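None of the figures in this text is laboratory data; all of them are computed from the coordinates on show. Note that the structure is a prediction, hence the values are computed from the model and not measured. Here the Cβ positions follow ideal geometry from the backbone for every residue, glycine too, while neighbour counts run over all protein chains shown.
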Amino acid sequence: MTLRPATVKAAPLPWDLAGAEAGLGPASRPGRAIRGGPRNLHRLTGDSGPYELFEVTPLNPLIGAEITGVDLGAPLRADVRDELHRAWLEWKVLFFRDQWASGTHLIEFARAWGELEEQQVTSPGATGITRYVKNTDNAGWENAWHVDMTGRAEPAKGFVLRLLVGPDVGGDTIFVDAAAAYDNLPTDVRAAVDPLHAVHDLNATLGRFVTPAEAARARATFPPVTHPVVRTHPETGRRTLFVNSVFTDRITDMDPERGERVLQYLFRQLQAPEYQVRFCWRPGSVAFWDNRAVQHYAVSDYFPAMRITERVAIAGDKPY
Ligand SMILES: [Fe+2]
């Protein structure tokens, strides 16, 4: 008897399933975007080791830790900087409370992680602190999952953000570990998205923030750019989902309608609470996040209260 090789037909990818199969039906349907079940949760591929120079209090098991015992107003010792760097890579976003250092000190702290990013849109060439005032005139808008400024060829490496004035309650920021979102994709989906690229466009969203003249300058300075859909973190080697609902316009070399379904599927992966940390701000709180590792969402639930923050951006490199 001759055995014929079995023909194995590849299962359809989630975004190619129709209707209820695509995720509208019960959780057992094959294309369900996020199914219940065990999650694969790793902060790093290896062990970062203990912290000895300050206290690290995790806000949940995967992402986000509060640091106590570091004064951002004092010169940063080299050994403290190195240990903080280790904690930053492990926890993706570090939080500090009651930090009233001068803006100069905040800038010095950011500089310990690299050159500052040039602002270029509202004040070309400027680096340092940008102050944001949120009130009912400009309510909402950052309440969508995003990585800051991926419309740049070299999006920022990280941000230091301090709350100066905030509501009594509300105005939290949620950060999500984009490596966990990637790790938990089915194997066939990872294989399908690994080689993809997507166009990111800063200009589609800028109109709400800047004057027409600034928008025109931004269009000239920041034409749409292409980034990999999955980027490799240059320091940890982790693969992270690098498409976001604010700046990512389309998948390249794919039928636009199908590409949009791929994006919608990937955006939904960020919604699992196991990958997230929700930070409740107080005046003087500082968040220091790795913009190569996380996405974030500014909860817009506090108006007409006002929120004033100041932010320092650290220059990044080209995603690969
Ligand atoms: Fe943001």
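For GLU66, the residues whose amide H sits under 5 Å from its own are THR57, LEU59, PHE95, ignoring neighbours fewer than 5 places away on the same chain, with H placed 1.01 Å from N. Once you divide the Cα radius of gyration of segment 201-320 by 2.2 N^0.38 Å, the number left is 1.22. Sorting the segments 109-119, 241-251, 172-182 by their mean number of nearby beta carbons within 10 angstrom, highest to lowest, gives 172-182, 241-251, 109-119. On the beta carbon distance between ALA153 and TYR132, with R0 = 22 Å, the FRET formula returns roughly 0.40. VAL199 versus GLN119, label points 7 Å from Cα toward the beta carbon: distance in nm? Here the modelled spin labels are 3.0 nm apart.
Just checking the listed ones, VAL262, VAL70, VAL210: in the Gaussian network model of the chain with Cα springs under 10 Å, the one fluctuating most is VAL210.
Using alpha carbons only, how many degrees (0 to 90, rounded to 10) separate the axis of helix 256-269 from the longest principal axis of the chain? Approximately 60 degrees, to the nearest 10.
In this calculation the C-beta distance from ARG81 to ARG219 is compared with R0 = 41 Å, giving a FRET efficiency of 0.60. Taking amide H atoms as placed 1.01 Å from N in the peptide plane, the amide H of VAL229 lies under 5 Å from those of LEU196, HIS197, ALA198, each 5 or more residues away in sequence or on another chain. Applying 0.36 nm per residue to the separation of ARG111 and GLN271 and subtracting their alpha-carbon distance, the gain on full extension is 54.4 nm.
Figure legend: label point modelled 7 angstrom from the Cα of ASN40 along Cα→Cβ; residues of segment 167-185 with amide N under 18 Å from it are 177-185. Computed from the Cβ-Cβ distance with R0 of 41 Å, the FRET efficiency linking GLU260 to ARG97 stands at 0.50. Against the chain, whose longest principal axis is taken from its Cα atoms, helix 78-91 shows a tilt of about 30°. For the chain, averaging the sequence separation of C-alpha pairs within contact (under 8 Å, six or more residues apart) and dividing by the residue count gives a relative contact order of 31 percent.
For the chain, the Stokes-Einstein estimate of translational diffusion at 37 °C and a viscosity of 0.692 mPa s comes to 157 µm²/s, using the Kirkwood hydrodynamic radius over alpha-carbon pairs. The gain in end-to-end length when the TYR320 to GLU235 segment is fully stretched comes to 29.4 nm, 0.36 nm per residue minus the alpha carbon separation.
Using alpha carbons only, how many angstrom separate the centre of segment 170-207 from the centre of segment 54-122? One Cα centre to the other: 24 Å.
Multiplying the residue separation of THR187 and ARG282 by 0.36 nm and subtracting their alpha-carbon distance yields 30.1 nm. Projecting label points 7 angstrom from Cα along Cα→Cβ for GLU52 and VAL210 puts them 4.7 nm apart.
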